[in-house]
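Worksheet for the structure shown next.
The values are calculated or read from the model by the stated rules, or taken from the named source; none is laboratory data. On a predicted model such as this, the values are computed, not experimentally measured, just so you know. Every residue, glycine among them, receives a Cβ derived from its backbone with ideal geometry; neighbour counts consider all protein chains shown. Ligands, DNA and RNA are stripped out before the accessible areas are found, and what is left, the full protein with its side chains, is counted by its heavy atoms. Shrake-Rupley method; radii C 1.70, N 1.55, O 1.52, S 1.80 Å.
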Amino acid sequence: MQNRFLAIINASIQVKQQILQNEQLLQQLQNAVEVITDAFKKGNKVLFCGNGGSAADAQHLAAEFSGRFYKNRKALPSEALHCNTSYLTAVANDYSYDVIYARIIEGTGVKGDVLVGLSTSGNSPNILKAFEAAHQNGMITIGFTGSSGGKMKDCSDILLNVPSTDTPRIQESHIMLGHIICELVEENVFG
């Protein structure tokens, strides 16, 4: 059993080692920090969306901004778009699950806001439609995906494509990258 534990931990470490060596990904990470910092400094909001475990990660990262990360400081305008279950189930029922995020972006997203979409495959239809709606509203999109980037590769302003095809390893790295963004943005905004 312990050998299996070690193999899983080592697999996670290997993905993170690949991230450390990926200059393009590290540059995109820096770009994400700068874009989110700028949005908050201008009074804009950062919205998050995902499905399943990625929805949980979206909610986690939004809470790091709207609650706190390290510093006791003013709350930042950030939320995960799936938390209103009445809205979510009504739109999924009346229209389609594919538009659950796009419709709320159409109604609440404004120029200068940032939409962060998490999809390990990069092919989630509801995230892709949300990115389309975000662009129509003048928002900036940041995609968290796996190695290929999927269809999100072509519609993300900033793409953080973790070099893995293994969903748990991708999601572990999404949280790590998200925490890096939260820590550095908090430092940038609050000193």
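Summary of computed values
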{"read-out": "In segment 144-191, residue nearest to residue 17 (Cα to Cα) [restricted to those that are small (Gly, Ala, Ser) and open to solvent by 60 Å² or more (accessible area, probe 1.4 Å)]", "value": "148"}
{"read-out": "Answer from 102, 133, 90 - the residue that is part of a helix (DSSP H, G or I) and over 25 Å from residue 40 (Cα atoms)", "value": "90"}
{"read-out": "Residue within segment 3-12 that is within 19 Å of residue 60 (Cβ to Cβ) and surrounded by 11 or more Cβ atoms within 10 Å (Cβ to Cβ) present", "value": "yes"}
{"read-out": "Subset of segment 119-143 that is touching a residue at least 60 places away in the same chain (Cβ under 8 Å) and β-branched (Val, Ile, Thr) - its residue that is surrounded by the most Cβ atoms within 10 Å (Cβ to Cβ)", "value": "127"}
{"read-out": "Top-ranked residue of segment 78-116 - restricted to ones that are in contact (Cβ under 8 Å) with a residue 60 or more places away in the chain and in contact with a helix residue (DSSP H, G or I) (Cβ under 9 Å, 6 or more places away or on another chain), ranked as surrounded by the fewest Cβ atoms within 10 Å (Cβ to Cβ)", "value": "112"}
{"read-out": "Failed item in (1) touching a residue at least 24 places away in the same chain (Cβ under 8 Å); (2) part of a loop (DSSP other than H, G, I, E, B), with residue 75 passing the rest", "value": "(1)"}
{"read-out": "Tabulated pairs, segment 1-16, first closer than 19 Å to residue 177 by Cβ, second assigned to a loop (DSSP other than H, G, I, E, B) and open to solvent by less than 100 Å² (accessible area, probe 1.4 Å), C-beta under 6 angstrom, 6+ apart or interchain", "value": "15/164"}
{"read-out": "Enumeration of residues in segment 21-52 that are crowded, with 16+ Cβ neighbours inside 10 Å, touching a residue at least 40 places away in the same chain (Cβ under 8 Å) and part of a helix (DSSP H, G or I)", "value": "25, 28, 29, 31, 32, 33, 35, 36, 37, 39, 40"}
{"read-out": "Checklist (1) under 18 Å from the mean Cα position of the chain (by Cα); (2) polar (S, T, N, Q); (3) over 22 Å from residue 28 (Cα atoms) applied to residue 72, failing item", "value": "(1)"}
